[in-house]
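Colleague: I have a structure here, written as structure tokens, and I will follow up with some questions on it.
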Amino acid sequence: MLLAIAVILPTVCLLWFMSQAVTNERLAIRQKLIDSYTARGQEIFLKDLQFPVNDQNQYSAYISFDHNDNIIYPARSLQISYTPEYNIQKAWQLEYLDKKYDDAIKEYNSISVSSSILEISYDCKISVIRCLSKQDKNSEAIQKCRQFLNREPNVLQIPDVYIANAELMLINLYVKTNDSNLSAELQKLFSEVSKYKMPTESQVFILDELIKIAQQTGLAQKFTTEVVQAQKFNLAAEMSITVADFVEKENSKSQLENVFFKFPFLQPLYGIYLQKSDNKMLAVFSSDEITKFWQQKINDFNDKLVFCRIYDETGQLLAGAKSTEGELFATMNLKNNFTGWKTELYLRSGVFKEAADKKRFIYIWVTSIVIVLMISSTLLASKAVLKQAKLNKLKNDFIATITHELKTPLSSIRLFVDTLLENKCQSRQQETEYLQLISKENSRLSRLIDNFLTFSRMERNKQVFEMAQVSPVEIANSAAEALQAKFEKANVLFTTNIAKPLPIVKADKDAMTTVLVNLLDNAYKYSNQSKQIELKVYTQNSDVCFEVRDNGIGMTRRQMKKIFDRFYQVDTSLSRRAEGAGLGLSIVKFIIDAHKAKIDVESKIGKGSVFTVRLSHS
Ligand code: ADP
């Protein structure tokens, strides 16, 4: 019960506190981590966040607007409007359906001459060359082409689109005729077409044609740079056209400036409206470019505890881990070019479990150590308390025994003395008998007091032994002498049997005599009428043995175990009759222990007992 209260209760409390502490600490660590990573996230994702929007090399495509928000680039296709009086339809039918090229040429020429609109005239002139080429009248076609390109003095500035078309036609004619001018003309058009002021769509078409021609004629190798550049230009231009079509249709120019938005194309593209000097432009970036930018930031942020994800303004995941394992701890709305976008910060799953497990392991250890310490200190404390209680009991027993033991001889002495004083004795012999009884009681008192004093010194650890080289014979003789008077009675047969020679032992002679006196006295006390007591001294192995044997009442095995305890007396009528306080054998044991000697008892009820003291002589 005491142990339960002293150990189990505090242990349970301690465990509870520990688990609370672990939980609290885990929460505190978690909060601390979250705070620090949120701060880091803000630093990386919010502070000075600038995408290099002005780096034209990064654009996948772009659209520029004039100050009226009309698209300047990509240039849109021109639609020449033929007034009904020019029967261009007829010319087209003759050329494309009827394939009557001569008639078509006639028709084109007549429109060209009569038209006051220059574009119509140029268009028809080129159509004539085309028809000549279709008829394989190559040299005539080449000549007309050159004429057109040389721009006769009377001709005004020819728009680039007609020049480009005429040049392409000339190149085709050179291919057909294997003309040596092909290479130079091809190079010229490759380098000039993207600078011509003409619909971007037409530029793309011409460049595509040039690439095809270069590949077919084996000139692609010679013009690798030109071909690659043309392909790149076409890719961007085509994308610009698609975006321009979308912008015109959707009228999405109202989008915020300097903020990325996503195009709803299959191919993931992002646009951003920028104000450049006096005109506006729409830069188009592939999602790869933007992902690359974010990946840098993500790498700065991610570590073994946290990871993040970037979502665009449509809420679609753009960059960061795809797996959803983790615990979301912060969402940040991005700013500047990425207004409307957001980033989510996650704690990796299992992070805390691992840390907590480690902590728990430490706590379990600490708790176990504390519990062990608590149990052992409680045990020590209870041992001390028990010892104290035992001491108190001892003290009480001691006082009770002393008073009880002293009372009997003192009252009988008083009785005898009173009888003697009152001269009530009938004879001189009775007087002597009384005086002998008084003397006997007196010596009993002295022995009792001697024992008490020895015991008291022993208990206070004040008993000092004077070890010296002593002959065992001397010890045996002095013990025998002390009891000589007692043992001279008719009913006692006392024999000593001392072997010779005996080695000298190291002992306190008086103390060892006390041991033997106590043993012999007990042999006397606990024997019935015809007492046979023997004191034997002999050597065995390296020991000198003192053996006290009697034919007395004997003891049970259980009693034998207890006789050396303080105040223990076997509860028999003889014990009660015999004088003693249950201290004799405890004094014997104390002296034996101080001599590092041993004492054995053998006994049988009704047969007698043998006490053997073994004292080492080496
Ligand atoms: P006491 O003063 O009672 O003799 P002891 O410590 O000397 O105290 O002995 C303790 C008890 O051991 C005795 O009360 C007695 O019952 C028992 N005892 C001791 N010696 C003998 C013996 N030789 N034969 C039988 N019993 C003995």
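The values are calculated or read from the model by the stated rules, or taken from the named source; none is laboratory data. Please read all numbers here as calculations on a predicted model, not as lab measurements. When we count neighbours, we look across all protein chains shown, and the Cβ atoms used for this are built from the backbone with ideal geometry, even at glycine.
Colleague: Could you grab the pairs with beta carbons closer than 6 Å, sequence gap of 6+ or different chains, first residue in segment 61-74 and under 20 Å from Ser194 (Cα atoms), second one among the basic types (Lys, Arg) and at pLDDT 85 or above?
Modeller: Matching pairs, first to second residue: Phe65/Lys280.
Colleague: Looking at (1) more than 60 Å from the chain's Cα centre (by Cα); (2) within 15 Å of the ligand (Cβ to nearest atom); (3) surrounded by fewer than 19 Cβ atoms within 10 Å (Cβ to Cβ); (4) without any contact (Cβ under 8 Å) to a residue 40 or more places away in the chain, find the lone condition where Val601 falls short.
Modeller: Condition (4) is where Val601 drops out.
Colleague: While we're here: Tally up the residues in segment 504-524 that are hydrophobic (A, V, I, L, M, F, W, C) and within 15 Å of the ligand (Cβ to nearest atom), please. Give the steps one after another, and end with the answer.
Modeller: Initial filter on segment 504-524 (hydrophobic (A, V, I, L, M, F, W, C)): 504-505, 507, 511-512, 515-517, 519-520, 523.
Still in the list and also within 15 Å of the ligand (Cβ to nearest atom): 515-517, 519-520, 523.
Of the residues in that region, 6 qualify.
Colleague: Counting only residues that are without any contact (Cβ under 8 Å) to a residue 60 or more places away in the chain and more than 9 Å from the ligand (Cβ to nearest atom), which one in segment 543-564 is nearest to Val473 (Cα to Cα)?
Modeller: The selected residue is Asn551.
Colleague: Right, another one. Ile272 fails exactly one of the following numbered conditions: (1) farther than 30 Å from Lys47 by Cβ; (2) touching a strand residue (DSSP E or B) at 6+ places or on another chain (Cβ under 8 Å); (3) aliphatic (A, V, I, L, M). What is the number of that condition?
Modeller: Tallying (1) farther than 30 Å from Lys47 by Cβ; (2) touching a strand residue (DSSP E or B) at 6+ places or on another chain (Cβ under 8 Å); (3) aliphatic (A, V, I, L, M), Ile272 fails exactly one: (1).
Colleague: Also, quick follow-up: So which residues in segment 389-421 are surrounded by 12 or more Cβ atoms within 10 Å (Cβ to Cβ), over 14 Å from Phe567 (Cβ atoms) and charged (D, E, K, R)?
Modeller: Arg414
Colleague: If you don't mind, another one. So is Ser527 part of a strand (DSSP E or B), closer than 23 Å to Lys486 by Cβ and within 11 Å of the ligand (Cβ to nearest atom) or not?
Modeller: Criteria not met by Ser527.
Yes/no per residue for (1) touching a helix residue (DSSP H, G or I) at 6+ places or on another chain (Cβ under 9 Å); (2) modelled with pLDDT of 90 or more; (3) closer than 24 Å to Lys32 by Cβ; (4) surrounded by fewer than 16 Cβ atoms within 10 Å (Cβ to Cβ):
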position	(1), (2), (3), (4)
Met332	yes, yes, yes, no
Thr343	yes, yes, yes, no
Asp357	no, no, yes, yes
Ile362	no, no, yes, yes
Ile371	yes, no, no, no
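Colleague: Can you confirm whether Asp550 is more than 27 Å from Phe465 (Cα to Cα) and either over 60 Å from the mean Cα position of the chain (by Cα) or at pLDDT below 95 (or both)?
Modeller: yes
Colleague: Here is a further query. State which residue pairs qualify: first residue closer than 17 Å to Ser114 by Cα and inside segment 88-101, second residue in a helix (DSSP H, G or I) in any location, beta carbons under 6 Å apart, and separation of 6 or more residues or different chains.
Modeller: Lys90/Glu107; Ala91/Ala104; Ala91/Glu107; Ala91/Tyr108
Colleague: Can you find a residue in segment 34-48 that is surrounded by 13 or more Cβ atoms within 10 Å (Cβ to Cβ) and part of a loop (DSSP other than H, G, I, E, B)?
Modeller: Within segment 34-48, not a single residue is surrounded by 13 or more Cβ atoms within 10 Å (Cβ to Cβ) and part of a loop (DSSP other than H, G, I, E, B).
Colleague: Taking only segment 296-330 into account, find how many residues are buried (at least 16 other Cβ atoms within 10 Å of the Cβ) and over 18 Å from Gly350 (Cβ atoms).
Modeller: 12
Colleague: Identify, by number, the condition in (1) within 15 Å of the ligand (Cβ to nearest atom); (2) surrounded by 13 or more Cβ atoms within 10 Å (Cβ to Cβ) that Ser446 doesn't meet.
Modeller: (2)
Colleague: Of all residues in segment 530-542 being away from the ligand (no atom under 11 Å from the Cβ) and crowded, with 19+ Cβ neighbours inside 10 Å, which is nearest to the chain's Cα centre (by Cα)?
Modeller: Step one: of segment 530-542, the residues away from the ligand (no atom under 11 Å from the Cβ) are 530, 532, 534-542.
If we keep only those that are crowded, with 19+ Cβ neighbours inside 10 Å too, we end up with 535, 537.
Numbers: Leu535: 77, Val537: 74 Å.
Selected residue: Val537.
Colleague: Tally time: how many residues in segment 575-592 are part of a helix (DSSP H, G or I), within 8 Å of the ligand (Cβ to nearest atom) and at pLDDT below 80? Step through it out loud before you land on a result.
Modeller: Step one: filter segment 575-592 for residues part of a helix (DSSP H, G or I), giving 575-577, 584-592.
Imposing the further condition that a residue be within 8 Å of the ligand (Cβ to nearest atom) reduces the set to 575, 584-588.
Still in the list and also at pLDDT below 80: 575.
Residues in segment 575-592 being part of a helix (DSSP H, G or I), within 8 Å of the ligand (Cβ to nearest atom) and at pLDDT below 80: 1 in total.
Colleague: Something else about it: For segment 113-125, how many residues meet the condition of being part of a helix (DSSP H, G or I) and surrounded by fewer than 16 Cβ atoms within 10 Å (Cβ to Cβ)? Walk me through it before giving the result.
Modeller: Quick first cut of segment 113-125, residues part of a helix (DSSP H, G or I) only: 113-114, 118-125.
Next, from what is left, pick out any that are surrounded by fewer than 16 Cβ atoms within 10 Å (Cβ to Cβ): 113-114, 118.
Summing the residues that are part of a helix (DSSP H, G or I) and surrounded by fewer than 16 Cβ atoms within 10 Å (Cβ to Cβ) in segment 113-125 gives 3.
Colleague: Further question on the same structure: Can we say Leu448 is over 12 Å from Phe590 (Cβ atoms), at pLDDT below 85, touching a Phe, Trp or Tyr at 6+ places or on another chain (Cβ under 7 Å) and in a helix (DSSP H, G or I)?
Modeller: Working: over 12 Å from Phe590 (Cβ atoms): yes; at pLDDT below 85: yes; touching a Phe, Trp or Tyr at 6+ places or on another chain (Cβ under 7 Å): no; in a helix (DSSP H, G or I): yes.
It is false that Leu448 is over 12 Å from Phe590 (Cβ atoms), at pLDDT below 85, touching a Phe, Trp or Tyr at 6+ places or on another chain (Cβ under 7 Å) and in a helix (DSSP H, G or I).
Colleague: I'd like the full set of residues that are of a type in the set (S, T, N, Q), over 19 Å from Glu185 (Cβ atoms) and at pLDDT below 90, limited to segment 117-161. Don't jump to the end; show me each part of the working.
Modeller: Taking segment 117-161 first, the residues of a type in the set (S, T, N, Q) are 121, 127, 133, 135, 138-139, 143, 147, 150, 154, 157.
Checking the rest, the ones that are also over 19 Å from Glu185 (Cβ atoms) come to 121, 127, 135, 154, 157.
Hits for segment 117-161 are Ser121, Asn154, Gln157.
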